[in-house]
Amino acid sequence: MAERWTGRASVRLRTTAAAVVVVAVALAIGALVLVALVRGSLRDGVEATAEQRASDLASQVERSGPPRSGRDPDSDGDDADDEAEDPDDPEDLVWQVLDDDGRVVSSSQPLSRALPADGEDEVRLPGADQPYLVVTEDADAGDASYDVVVAASLESVEESTDALVAPLAVGLPLVLLLVGGTTWVVAGRALAPVERIRREVEGISGDRLDRRVPEPPARDEVRRLAVTMNAMLTRLQASRDRQQQFVADASHELRSPLASIRQTAEVAREHPGALPEGELAEAVLEESVRMQRLVEQLLVLTRADEGALARTRVEVDLDDLALAEARRVRRAGLAVDASGVGPGRVQGDPLALAQVVRNLVDNAARHAASRLAVSVAERAGTVELAVEDDGPGVPEAERERVFERFVRLDDARARDAGGSGLGLAIVREAVAAHGGTVGVSTSALGGARFVVRLPAAAAEGAGGASTDVAGASRRT
């Protein structure tokens with residue numbers, strides 16, 4: 001039942017109830033302790049008074065024997081003022097002197113029975129509404145021994161305690177009411193921004209990610225929550241925009257080869273003799289290869305978005321990858337300077353790193369006029385891969401945008417030249433997944449210079465096997 005109630009009750013109600021319960025328990029314990037302390041202090045005072053009177057009576061008995069009944073030992077001897085009281089109405093302080101046989105020798109007033117001298121703490125006297133505290137003192141007078149018994153009324157203790165309990169019984173509920181009301185108001189004001197945030201979030205949908213929750217002025221946890229939620233909404237909006245742009249660009253890129261294949265096939269069907277023999281097959285093969293490459297690049301970017309790149313951690317010789325690509329491009333008839341390739345070992349996914357080197361070299365080969373250069377060097381714990389060409393270069397204003405997906409800056413990067421606008425985007429994602437950086441500047445050859453910097457592997461790899469993708473040859 002309690003769990004069901006706490007599950008349905010609001011935070012404001014639960015906070016108020018918890019505050020009231022905690023304060024109620026604390027006040028109740030405090031009140032009980034206060035009453036006990038006051039009562040104990042008053043009782044100690046009554047006991048001290050009774051002990052003092054018993055000590056005085058014992059001293060008088062030892063000096064001059066038991067006093068006469070009804071006589072106050074502290075009086076000046078005037079017996080007229082020491083008349084005995086009615087036994088049905090005992091005084092607040094009564095005393096008796098008992099002999100060895102327990103008989104009353106003298107007393108402050110007649111009582112129906114002797115006061116106990118056996119160490120009993122409290123006794124009820126006839127006609128008294130409250131108990132009496134009993135104190136006993138021994139006294140010797142010559143050869144006789146006496147017990148001086150003094151009984152002090154606890155009526156003042158009970159009256160003082162009752163006088164304390166009454167305001168506590170009235171004040172504690174008022175304090176709890178005040179605590180509950182204050183907690184209710186404070187919790188309501190503290191949670192009001194949360195309710196406004198909830199209402200705003202309730203209205204945010206996939207097509208309204210531009211909306212933001214209100215940020216309260218107070219710099220507390222609620223404001224931090226609102227700031228965090230707005231940052232999350234910003235990331236979601238940016239992710240949705242990238243996804244929509246990605247889908248649109250991918251659809252456009254895939255539509256082009258499909259349209260080319262369809263156009264060629266329709267011409268071949270309508271005019272069987274219009275196309276040279278084998279041209280349809282060549283067109284289908286070319287466009288299918290282009291589509292395959294595009295799909296593979298899209299899959300790589302999807303893996304990057306899912307954080308799957310660089311999960312494999314082995315030692316990779318980056319210089320071997322660079323030399324392998326240099327040989328491949330050189331065989332295509334382009335002059336490649338690989339004299340700057342030196343040892344450089346990193347840790348990561350060999351397939352992803354091979355894709356980085358290939359994309360950079362292909363990009364340089366696509367835009368180079370006649371030659372390109374590849375270099376690898378290790379500097380201060382970092383392996384630096386540089387790919388340069390003598391092409392038109394990248395304008396300074398476009399050097400960040402060139403790494404975005406499906407971006408082609410000019411006709412030199414046209415689709416017909418083999419570029420899809422995904423190669424450099426894959427480079428940036430893969431390098432970032434390996435904890436590195438990539439940038440572009442002006443090359444000494446006159447074109448663009450792309451530089452990748454990756455953390456160097458330790459001198460002795462811990463559990464990672466060296467991966468030589470290029471084979472045993474280190475130079476061509």
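The values are calculated or read from the model by the stated rules, or taken from the named source; none is laboratory data. Just so it is clear, the structure is predicted and the values come from calculations on it, not from any experiment. Don't worry about glycine lacking a Cβ; one is built from the backbone with ideal geometry, like all the others, and counts go over all protein chains shown. Accessible surface areas use protein heavy atoms only, side chains included; no ligands, DNA or RNA. Shrake-Rupley method; radii C 1.70, N 1.55, O 1.52, S 1.80 Å.
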(request) For region 171-183, take each phi angle, set θ = phi - 60°, evaluate the Karplus expression 6.51 cos²θ - 1.76 cosθ + 1.60, and give the result in whole Hz per residue in order, putting x for glycine and proline. (result) x, 4, x, 5, 5, 5, 5, 5, 5, x, x, 5, 5
(message) Can you compute 3J(HN,Hα) from phi for each residue in region 102-115, using the Karplus curve 6.51 cos²θ - 1.76 cosθ + 1.60 with θ = phi - 60°, rounded to whole Hz and x for Gly and Pro?
(response) x, 7, 6, 8, 7, 7, 6, 7, x, 10, 6, 8, 6, 6
(message) Given a 1.4 Å probe and heavy atoms of the protein chains only, how would you sort 156, 64, largest accessible area at the top?
(response) 64, 156
(request) Give a residue-ordered list of calculated ³J(HN,Hα) values for region 379-395 (Karplus: 6.51 cos²θ - 1.76 cosθ + 1.60, θ = phi - 60°; whole Hz; x for Gly, Pro). (result) 9, 6, x, 10, 9, 10, 10, 10, 10, 10, 9, 10, x, x, x, 10, x
(message) Test of the criteria: in region 212-278, which trypsin sites (Lys or Arg not before Pro) are in a DSSP loop and have at most 10 other Cβ atoms within 10 angstrom of their Cβ?
(response) 219
(request) Collect residues whose amide H, placed 1.01 Å from N in the peptide plane, falls under 5 Å from the amide H of residue 406; neighbours closer than 5 in sequence don't count. (result) 422
(message) List the residues, sorted by chain then number, that are 5 or more residues from residue 105 or on another chain and whose placed amide H is less than 5 Å from its amide H.
(response) 97, 98, 99
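For region 135-205, count the residues as N, evaluate 2.2 N^0.38 Å, and divide the Cα radius of gyration by that value, please.
2.88
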(request) Taking only protein heavy atoms into account and a 1.4 Å probe, give the accessible area per residue of region 205-321 in Å². (result) 65 Å²
(message) With unit charges on the beta carbons (Lys and Arg positive, Asp and Glu negative) and the dipole taken about the Cα centre of region 341-413, which residue among 377, 407, 348 sits farthest to the positive side?
(response) 348
(message) Under 5 Å between amide hydrogens, which residues at least 5 positions from residue 125 or on another chain qualify, with H placed 1.01 Å from N in the peptide plane?
(response) 132
